[in-house]
Amino acid sequence: MNKDRTLLTDAQWARLAPLLPGQAHTRGVTAADTRLFVEAVLWRMRCGVSWRDLPERFGSWSTVFARFSRWKKSGVWTRALAALQDEAALHTLMVDATTVRAHQHAAGARKKTGRKPSAVRAAASARSYT
């Protein structure tokens, strides 16, 4: 995989890989593309796009989605997160709404614009000029 396009560093992957299925030491089929699959999931989550918008370099979107769903149903993501929560620097990776303030327009605040004259006032001032 091209190193400039990866979201995970080699050190991060070394920490995450043993927690995931499809490894040589686990039961079942050994997956050759587990890192590429995880990169695809991270890319999708980072960009917030639909599964169908995954770039071709990650393979078929439907295959990635099916594997993601299997892992979700079997609890792989939950177990991996629980194991990684012991990391000392995890708080620098997680961001939630308690630490991020939204811009006032994102919260539905009223837009502050100049006052527009009412229709009655506009009609009255138009009559005074005639």
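The values are calculated or read from the model by the stated rules, or taken from the named source; none is laboratory data. Everything numeric here is computed off the predicted structure, so don't read it as measured data. Methodologically, a virtual Cβ is constructed for each residue, glycine included, from the backbone with ideal geometry; neighbour enumeration extends over all protein chains shown.
Among the criteria (1) surrounded by 11 or more Cβ atoms within 10 Å (Cβ to Cβ); (2) at pLDDT below 85; (3) in a helix (DSSP H, G or I); (4) not acidic (Asp, Glu), the one Arg57 does not fulfil is (2). Cβ separations smaller than 7 Å between residues 6+ apart or across chains give the following pairs from the range 58-86 residues that are over 16 Å from Leu19 (Cβ atoms) to residues that are among the β-branched types (Val, Ile, Thr) and part of a helix (DSSP H, G or I): Phe58/Val64. The set of residues in the range 36-54 being assigned to a helix (DSSP H, G or I) and modelled with pLDDT under 90 consists of Met45, Arg46, Cys47.
State yes or no: is Arg67 surrounded by 15 or more Cβ atoms within 10 Å (Cβ to Cβ), of a type in the set (D, E, K, R), modelled with pLDDT of 70 or more and part of a helix (DSSP H, G or I)? In short, yes.
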